[in-house]
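Asker: Just passing along the structure, written as structure tokens.
Computed from the coordinates by the stated procedures, all read-outs in this text should not be read as laboratory data. Just so it is clear, the model here is predicted, and its values are computed rather than measured. Counting neighbours? That spans all protein chains shown, and the Cβs are built from the backbone with ideal geometry, glycine included.
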Amino acid sequence: MKRIIVLQLFFLCSFSYAQNFQINKIVVDKNTKAPLENVIISNESDNSTTNSEGKFVFVSQKNEINLKLLGYNEIKTTFDKLKNNKDTIFMEIKAFQLQEVIVSNADAYMKKVYDKFNDNLLQNYTVNFFLRNVFKKDSINILLQDIYGRKNQSLNQKKKLAIEILNMRKTSLFEKRDNINFQFPDFENFFINIIPKIDKCNFTEIRFNDSDFKYIQFKTNEKNQSGQILKGYFIINRKDYAIVEYTLSIIDDPKKVPYKDLPSSTGKYKTTKWEKFTQFTKDAASGKYYQSNLKLDNQVELVVYKKSEKPFYYDYTMDYFVTNKPTNEKINANFATDKDIFEAKFRYSKEFWNNQNQLPLTKELEQFLKSVAEKKDMTKEFEIIGNF
């Protein structure tokens, strides 16, 4: 019998290929020269973002590029200007400005934020998106899946979410001796906004170098059944009490998380890391906010009794961003939102991907694809699943 590990959340169109402008660059901090992740690259119609190495790809018919990152000075430029510059773009952190006095008790302020949370959300809209899923065993890549699709979010309807996958590329490299099946998260769980209960948290405001926003850290005041304290932060627009960014980590002491048994008592496993990052962008037309950037970082520890008492570690990350402004267009849903995302089966088109906003491959992922190519004929040792 195959062993099953479940990685899941706790708590829980038409396109133009005749693009006029396309550019690849790297964004770094001007002072430290460190790469900047999650920089929003956008103009009036298109969006992109930087990966963990600060790299981005931006494709648009408009000769306009804006670079934004909370806490940094915004850059407004054009494709033409950037093409004449070096590959690296330097962003400068904002200087601290005189702010109102920070009070030690942020509970009253957060009550207003929570009360307005749902009212600030865009209720019914369609966006195009890019989603990357990466799976590792003991820090070694064994799975890569990129999806480009469309999402319709209807918060005021019974069926709140619909997904249309437009193109996909994936490859995996599993060792056959592992003999393990993995069930990955689904779209419904991934898009859920998990906000900790306000009466269970302690809030602390931290000085922030952008006077338009408040930065408030939180942690739960009691440990949960697994002996964990939930932690994170909110960044809030001062003008309308809207959350523009927040993080949530549900595991602060992995050693105290209890194990769960594998089927037939062949081993045991537990989740040792679960962190989620969410960004919201304001829709200019409606004044409401929508999820524009999501990241999930999940780790599972596994012990198989007959193999070794030494644990294996499996890491699964999901990286999502919206590639255009919200519209009212209908979509042709073609993938069940409660289905394991890695079970998606769609054809790969190189021409399609050459004309889309997407996350560039990191050096690590480039090496993984090279490794898959080198092992493609080793059928007795590896199981390779892919479409490109």
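Asker: Want the number for LEU155 to LYS197: 0.36 nm per residue separation, take away the alpha-carbon distance, what's left?
Answerer: That works out to 13.1 nm of additional length.
Asker: If you don't mind, another one. By how many nm would the segment from GLU364 to THR32 grow when fully extended, if each residue of separation counts as 0.36 nm and the alpha-carbon distance is taken off?
Answerer: 117.3 nm
Asker: Determine the calculated [θ] at 222 nm for the chain from helices alone, applying -39500 (n - 2.57) to every DSSP H run no shorter than 4 residues and normalising by the residue count; nearest 500 deg cm²/dmol.
Answerer: Roughly -2500 deg cm²/dmol at 222 nm, from the helical runs in the chain.
Asker: Enumerate the residues in segment 184-216 having an amide nitrogen under 19 Å from the point lying 7 Å beyond the Cα of ASN105 toward its Cβ.
Answerer: Counting only backbone N, you get 198-206, 216.
Asker: Using a Förster radius of 45 Å, what is the FRET efficiency between ALA284 and ASN224 based on their Cβ-Cβ separation? Nearest 0.05, please.
Answerer: E(calc), rounded to 0.05, equals 0.70.
Asker: Write down the percent of antiparallel bridges among all DSSP beta bridges whose residues are both part of the chain, to the nearest 5.
Answerer: Restricted to the chain, the bridges split so that about 90 percent are antiparallel.
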